[in-house]
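The values are calculated or read from the model by the stated rules, or taken from the named source; none is laboratory data. Quantities reported herein were computed from a predicted structural model and do not represent experimental measurements. We place every Cβ from the backbone using ideal geometry, glycine too, and count neighbours over all the protein chains shown. Only protein heavy atoms, including side chains, enter the accessible area calculation; ligands, DNA and RNA are left aside. Shrake-Rupley method; radii C 1.70, N 1.55, O 1.52, S 1.80 Å.
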Amino acid sequence: GKAQQGGKSAVASAAAARLLRDLQLGLCARLDDAVVDAWPAGELCLVAHAFAHGSSPRESKALFDSLHRRLVGIPLLQLGAGELSSLANSFAKLSEAAELGYLQLFDQMGRQLRGTGEDIGLRSACVALGAFAQASVRHEPFFASCETLVPAWLHERDCDMRQLAMLAHAYVRVGLVQSSLLPLIWDRATSLAPRSDVHGLSVMLFAVTKAGATSASGALLLRALGAALTKRLSHEAAPASTAALVAYSLFRSSSASIVEPSLWAALARCVEAGFPKLSASELANAAAAFGQAHTLPGVADEAPELASFFQALLRWSESISTRSVAPTVASKLVVAMADARCTEAGPAASRLAQRCVADPSKSPGIASLRAVAKALALLGAHDADLLQALAAAQRPHRRGFELGALGIGERGTDRTAS
């Protein structure tokens, strides 16, 4: 029964994809036909929205090019703030505006949105700013105007953590990390943290760590988010991928010591529970974060869940084929095991380390290779041939020759007798 349902679903999806392709061809022909009267700009927004939210918006590039030609200029003037925000969001789904030739459109939309003043409202401002950031368009007049408008909206009842995160992400993504708006967002988010759900707390944590907020308000927000997340994760189910990403965000931003050990315990417990659903890359990122947390004073004692996670990671690494693990992922796993002092992980770490020298063209980098060699020593993995191969791989000019001479084959197999 399930197989039949799956087959019917696949057939329906294929039919829908064919229909969309046919519609796209027909729409492109009509939009490019000079004889056809001008289409209302509002209807063109609906078309852009429909195709932007398909499985692969870039496959509709020809249609968006036709929409672009129809919209730029007078037609765009027909749109209000909400429609402009929606249109910007649709075109942003294709990503880089400059690369795709849409800068003129975004420039006109930015100027019109700036001219709407307070009429834009918080919701449309969040959508539009996020769209400009996603399209890599730093429209400074529009971003500057929002800096003066948004503070009055931050304490409205409808302002929630997701909107605050969207605002922060937008300014950070275009490089405006010194914006006067960000400290106001941190303060408001701190007050909202106890009432926010896991998703809202997570996206705000991503934003503040991405901003590298080192101010007192930024550190205060991180502690508030950590405390609220710990409480939520104690009685709410959360995706393991979200917990892994939260952990890695703290690790990458050097914020691991700001939050309490109880958060690391909650994150490790959540990730371990969702092990089967995570990719090797997600596990490696989580392991890197938990390994660093393990080295912090008191964390290992107060968060035994970290040790439990690494035991599960060790069992996983012993059960998989290392050929499926990318060298960069393998290097993260080995270093994390050493950081967590998994002394019994020596054999598994050696197998993973072989991936780092298996293919010189996919080397994780000299710094990573050095870290792997140091980690193996800490784990007591004294494989002379492997350590020699790691040393040789750090000499880039003759890397391929020396690996071959040491008996390390293309796929990381040892051609010498073991």
Discussion item. Whether any residue in the stretch 342-357 is over 20 Å from Ala381 (Cα atoms) and buried (at least 21 other Cβ atoms within 10 Å of the Cβ) is what I want to check.
Written reply: no
Worksheet item: Given the structure, is Val334 over 26 Å from the mean Cα position of the chain (by Cα) and part of a helix (DSSP H, G or I)?
Response: no
Practice prompt. Could you tell me which residue of the stretch 57-95 is nearest to Leu46 (Cα to Cα), considering only residues that are modelled with pLDDT under 90 and either assigned to a loop (DSSP other than H, G, I, E, B) or among the β-branched types (Val, Ile, Thr) (or both)?
Written response: Val72
Response to the item:
Exactly one of Ser60, Ser90, Ser86 is open to solvent by 30 Å² or more (accessible area, probe 1.4 Å), hydroxyl-bearing (Ser, Thr, Tyr) and within 26 Å of the chain's Cα centre (by Cα), and that one is Ser86
Worksheet item: Within the stretch 229-270, which residues are farther than 25 Å from Asp187 by Cβ and outside any helix (DSSP H, G or I)?
Response: Ser234, His235, Glu236, Ala237, Ala238, Pro239
Worksheet, complete the sentence: Going through the stretch 279-319 in order, the residues found to be without any contact (Cβ under 8 Å) to a residue 24 or more places away in the chain and in a loop (DSSP other than H, G, I, E, B) are Ser279, Pro297
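Quick one: in the stretch 132-141, which of the residues that are part of a helix (DSSP H, G or I) and of a type outside the set (A, V, I, L, M) is surrounded by the fewest Cβ atoms within 10 Å (Cβ to Cβ)? Before you say what the answer is, go through the steps one by one.
Pass one, the stretch 132-141, residues part of a helix (DSSP H, G or I): 132-134, 140-141.
Within this subset, residues satisfying the condition of being of a type outside the set (A, V, I, L, M) are 132, 134, 140-141.
Working: Phe132: 26, Gln134: 21, Glu140: 10, Pro141: 13.
Among those residues, the one meeting the criterion is Glu140.
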Response to the item:
When restricted to Glu260, Glu236, the only residue surrounded by fewer than 19 Cβ atoms within 10 Å (Cβ to Cβ), touching a Gly at 6+ places or on another chain (Cβ under 7 Å), in contact (Cβ under 8 Å) with a residue 12 or more places away in the chain and not hydrophobic (A, V, I, L, M, F, W, C) is Glu260
